[in-house]
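Below is one structure, written out as structure tokens; the observations come after it.
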Amino acid sequence: MPTKPDLIDVRDLSVHFGLRGGTLGRLVGRDAGVVRAVDGISVTLREGEVLGLVGESGSGKSTFGRALLGLAPATSGTIGFDGADLTSMSRSELRALRQSIQMVFQDPSAALNPSMTVAEAVGDALRVHGMKSSVERRERVVEALERVGLSPVQLFLDKYPRDLSGGQKQRVVLARAIVMGPRVLVADEPISMLDMSVRAKILQLMLDLKQDLGLSYVYITHDLASAKFFCDRIAIMYLGRIVEIGDTEEIFANPRHPYTKALLRAAPDPDPARAVAKDLPRGEVPDAAVPPLGCSFHPRCPEAVAQCGWEARDLRTLLETHWTRRTPEEYDAESAAVGSLDALARPDTSVHVGRGGADAVRSILDRIRDEEPDEPLWRGVADVTDDGAGVRVDFHPGVDPALRRAGGVDVACVLYPDDSPDDSAGG
Ligand SMILES: Nc1ncnc2c1ncn2[C@@H]1O[C@H](COP(=O)(O)OP(=O)(O)OP(=O)(O)O)[C@@H](O)[C@H]1O
């Protein structure tokens with residue numbers, strides 16, 4: 001089957017949000033930094049394709065989706081659509097573009113104005129975009145409502161959102177999205193707030209609309225089961241980046257990135273024979289304002305190796321976790337020997353720990369190592385040397401892996417060396 005042309009071509013897109021510092025920071029005029037909500041993403045959406053963006057909360061999915069409509073301003077990079085770069089469009093150009101790219105949000109109740117009837121809500125976009133004839137508008141509204149399965153249409157035209165079920169409201173939202181004749185729908189968790197009983201119906205409706213109207217979708221979700229059913233290709237996102245992207249079948253049959261594997265293990269499997277325990281990787285998604293060194297996923301990764309980007313903050317987490325398992329007396333003695341952990345709060349690859357003497361600190365580290373020999377952090381420790389009142393821990397230098405070809409998908413992980421013949425990378 002010949003590959004369809006690219007409809008959207010995103011290159012190296014970043015969306016960073018500035019964070020104002022606390023009161024003290026503001027007094028001295030210092031910013032607290034930036035949140036890298038989207039951090040250098042390159043991806044294409046092909047004509048007629050459903051591309052899924054999957055990841056935990058905070059991975060940047062919604063920000064990426066909003067950037068596709070110019071709702072979140074790009075910090076750098078480009079978004080090509082129909083030969084134009086969306087990131088450099090004026091407000092009026094962006095308004096015009098929204099006839100072609102529409103967004104569907106998670107909560108249909110919030111998306112609909114409670115004081116507008118269904119006919120008004122769906123027809124409003126046509127009016128705003130200059131369709132003056134109310135007869136013509138009415139025709140288009142009726143057609144859109146029929147397409148989304150709200151029939152007989154006469155029953156729905158004069159209803160208010162409060163008169164409708166969640167599923168019916170999302171159908172109205174979809175009617176409003178398609179009435180302008182768009183080419184792309186960016187659907188951000190469109191079924192997650194609906195009753196289980198209607199979720200599959202709404203997804204099927206979206207597939208029917210795609211077929212009938214030649215739509216393409218960007219489907220944003222944290223729900224792998226719906227992505228498996230709905231998407232042609234899936235991009236797995238973590239902390240503002242794509243860590244793996246490929247055909248849906250391949251991603252599910254043969255996940256490469258340890259994060260993808262963990263997500264798949266955590267997803268409830270409808271087939272009880274293959275059901276596995278829920279075990280999302282340890283810890284939480286780190287702060288996008290100060291991401292981990294190297295691969296952002298390394299602190300949670302069970303397969304991490306020496307060059308994944310180990311640093312002082314990982315050692316701090318290790319010590320703190322270790323102390324949750326000690327008696328109060330042991331904690332008092334060990335924390336006195338180690339001293340303040342403040343020096344471990346920065347992303348350093350060489351760090352001094354301890355104030356109670358090198359031997360005391362070494363024995364604490366040895367004890368943790370004996371108890372947890374498989375802890376991946378030990379693979380990152382290059383050297384522990386005596387250093388005055390404590391020890392100096394040096395980590396191996398880390399690499400920040402780029403997306404590269406690995407057996408039919410693109411994956412950003414040092415465990416997968418590039419196997420593409422021509423050295424090209426990216427999704
Ligand atoms: N307007 C904003 N100002 C500051 N930070 C923001 C803003 N919007 C998003 N962020 C931050 O950017 C990161 C990515 O957020 P985003 O909502 O895109 O993630 P997500 O994967 O869609 O998560 P969710 O599923 O919870 O919506 C988060 O750390 C979030 O706090």
Shape metrics for the chain, restricted to C-alpha atoms - Rg then Dmax, Å: 25.6, 86
Over 29 Å (Cα to Cα) - which of Lys132/Lys169; Lys61/Lys132; Lys61/Lys159 fall in this group: Lys61/Lys132; Lys61/Lys159
Calculated FRET value between Asp82 and Val153, using beta carbons and R₀ = 51 Å, to 0.05: 0.95
Relative exposure of Leu207, Leu45, Leu112, judged by other C-beta atoms within 10 Å (fewest first): Leu207, Leu112, Leu45
Derived scalar couplings ³J(HN,Hα) [the range 200-217; Karplus, 6.51 cos²θ - 1.76 cosθ + 1.60; whole Hz; x for Gly, Pro]: 5, 5, 5, 5, 5, 4, 5, 5, 5, 5, 4, 5, 6, 10, x, 7, 10, 10
Ranking of Asp188, Asp370 by count of other Cβ atoms within 10 Å, fewest first: Asp370, Asp188
Mean Cβ neighbour count within 10 Å, used as a protection proxy, ranking 400-413, 340-353 highest first: 400-413, 340-353
Given charges at Cβ of Lys, Arg, Asp, Glu: the chain dipole, positive-most of Gly80, Pro401, Ala253: Gly80
Between helix 166-178 and the chain: long-axis angle, C-alpha atoms, 0 to 90°, nearest 10: 70
Under-5 Å amide H pairs with Arg241, H placed in peptide plane, nonlocal only: Asp39
Stretch gain in nm, segment Leu71-Arg369, where the contour uses 0.36 nm per residue and the Cα spacing is subtracted: 102.4 nm
Cα shape, the range 310-395, gyration tensor, a/c 1.5 rule: rounded
Simple Cβ-charge dipole of the range 101-202, Lys/Arg +1 and Asp/Glu -1, about Cα centre, in debye nearest 20: 160
FRET efficiency estimate (nearest 0.05) - Cβ-Cβ, Leu264 to Leu213, R0 41 angstrom: 0.80
222 nm mean residue ellipticity, helices alone, for the chain (DSSP H n ≥ 4; -39,500 (n - 2.57); rounded to 500): -9500 deg cm²/dmol
Full-stretch length increase - Val34, Met196 - with 0.36 nm per residue and alpha-carbon distance subtracted: 54.6 nm
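Computed from the coordinates by the stated procedures, all read-outs in this text should not be read as laboratory data. Worth saying up front: this structure is predicted, and the values here are computed from it rather than measured. When we count neighbours, we look across all protein chains shown, and the Cβ atoms used for this are built from the backbone with ideal geometry, even at glycine.
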